1. Listed residues ARG42, ARG47, ARG59; which is at pLDDT below 95 and buried (at least 18 other Cβ atoms within 10 Å of the Cβ)?
2. Just checking, which of ARG185, ARG178, ARG159, ARG129 is basic (Lys, Arg) and within 20 Å of the chain's Cα centre (by Cα)?
3. Please go through (1) touching a Ser or Thr at 6+ places or on another chain (Cβ under 7 Å); (2) part of a helix (DSSP H, G or I) for HIS325 and return the number of the only condition it doesn't satisfy.
4. Scanning for something more than 16 Å from the ligand (Cβ to nearest atom) and within 25 Å of LEU255 (Cα to Cα), does segment 334-357 turn up at least one residue?
5. Determine, yes or no, whether ARG414 is farther than 30 Å from HIS135 by Cβ, surrounded by 15 or more Cβ atoms within 10 Å (Cβ to Cβ), at pLDDT 95 or above and within 14 Å of the ligand (Cβ to nearest atom).
6. Restricting to segment 361-391, what's the tally of residues that are under 17 Å from PRO198 (Cα atoms) and not hydroxyl-bearing (Ser, Thr, Tyr)?
7. Which ones in segment 197-221 are outside any loop (DSSP other than H, G, I, E, B), more than 16 Å from ALA397 (Cα to Cα) and either near the ligand (Cβ under 10 Å from one of its atoms) or at pLDDT below 95 (or both)?
8. If we scan segment 431-439, do we find a residue that is part of a loop (DSSP other than H, G, I, E, B), surrounded by fewer than 15 Cβ atoms within 10 Å (Cβ to Cβ) and at pLDDT below 95?
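The values are calculated or read from the model by the stated rules, or taken from the named source; none is laboratory data. A quick note: this is a predicted structure, and the numbers were derived from the prediction, not measured. Note that we place each Cβ from the backbone using ideal geometry, even for glycine, and neighbour counts take in every protein chain shown.
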Amino acid sequence: MTDKHSRTFTADTPQKIGETVNLYGWVHAKRNMGQIVFVDLRDGFGRVQVVFDTQNSFREQAEGLKPESVVKITGQVVERQGKAINAKIPTGKVEIQATGLEILNESETPPFEIGQDKAVDEELRLKYRYLDLRHDRIHANLLMRHQVVNFIRNFLNERKFTEIETPILTAPTPEGARDYMVPSRKYAGSFYALPQSPQQYKQLLMVAGFERYYQIARCMRDEDSRGDRQPEFTQLDLEMSFVTEEDVLQLTEELVTQLVKTLYPDKKLLQQPFPRLTYAEALKKYKSDKPDLRQDKNNPDELAFAFITDFPLFNKEDGKLNSEHHPFTAPKPDQIKLLDTVPEKVLSTSYDLVLNGYEIGSGSLRIHEPALQQKVFEILGIDAKTAQTKFGHMLEAFKYGAPPHGGIAPGIDRLMMLLQNEPNIREVIAFPKTDKGRDPMMGSPIPADTDTLSELGLQLKQTRNSKP
Ligand code: ASP
């Protein structure tokens, strides 16, 4: 006899035939079929069909159940026979003959139907994201995301990597976007920057002697959102000391190959080892540095990974040289001599991992000598004084036994989007922003009131004209 208080998850009911169980969850659907009422009960891990038949003293109450209400149902697990078996759900071989029903919290009619694949307005979905997340598809995306991150952690932990957290309130790290700035109350007029990536910290951790670091890192970049871009996103950020490009690429390839084979056995990994193309070859052959190498470009179950290597160190815009990757990227050793004469021609040690036409991650070997780093800053037009103010800590750290090092940072959101066959990274992030960078549920960004502004020592230049 089941203890009155013990709980069974709906997913475990097929193993409990003949037993009386207590189930807790949400009324996913209800069908009044004449004398019999069927309730599909949903919990965090699945659902099961519950039957209230004619003689059931709770039948009438069940008939009036409102969708999405929270209930406790007690009942006996019975095997379904013949046509009653539902092959579409994992618990489809059983059903629950209810002997008890308790409404724990009645739900109002939700603003949209949960679990229907009808298109719901994006704004409405995000305003009620906690309801949207009840949808099987989105729920499954987040469960798989957890598994993927768990797999990554185990894979790296087994290879002597250490997971280390780095600050969120920091100083700017250039990754080619604008910084989000957070005003300091104690130092009015000064700001923290939210990290565009943990790039500088991970390099400093190499100087600190950790040798193999990773972090499931949140990165913030103030740039326009689009389907595969959000103001904040997650990277698997990793860095290793005493490695070659080859070491980083091999580790990355092994990680994603094993991940796909273990967690997505039905997907087809196209070419192994992953094809490698230099940036110049990719542009020449595919007119893109993130070519889609699938045989059938419409088949999301084909996974065509590739590495693009030998990116130029700089790109030129309006006559000015900018870092193609970031200013800490090392040139190829045989190219260093060209820095003084034709810097725009210098090839770097940076590489991208691409998948089905998307850039999944970038990385490189890094500069670890102060003089070379200083030279690259100069070429980028960062004078010695500015370099000292902005990156003095890096130049200094490189003086104290900085090992050669390199790494990569695959984006978790884009990878999940492709693995889950989703068209947009919002579908694999629990609480994303709209494509205009707003969170309709929390109402962010919020206008700061006068008291807050004054406490922060800030004054607005003009009346707001772009209310979120
Ligand atoms: N920090 C780089 C990025 O965010 C990745 C790396 O170089 O490891 O693209």
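1. Numbers: ARG42 fails: at pLDDT below 95; ARG47 fails: at pLDDT below 95.
Exactly one of ARG42, ARG47, ARG59 is at pLDDT below 95 and buried (at least 18 other Cβ atoms within 10 Å of the Cβ), namely ARG59.
2. That would be ARG129, the only listed residue that is basic (Lys, Arg) and within 20 Å of the chain's Cα centre (by Cα).
3. The one condition HIS325 does not meet is (2).
4. yes
5. Details: farther than 30 Å from HIS135 by Cβ: no; surrounded by 15 or more Cβ atoms within 10 Å (Cβ to Cβ): yes; at pLDDT 95 or above: yes; within 14 Å of the ligand (Cβ to nearest atom): yes.
The answer is no for ARG414.
6. 8
7. ALA217, CYS219
8. Yes, segment 431-439 has at least one match.
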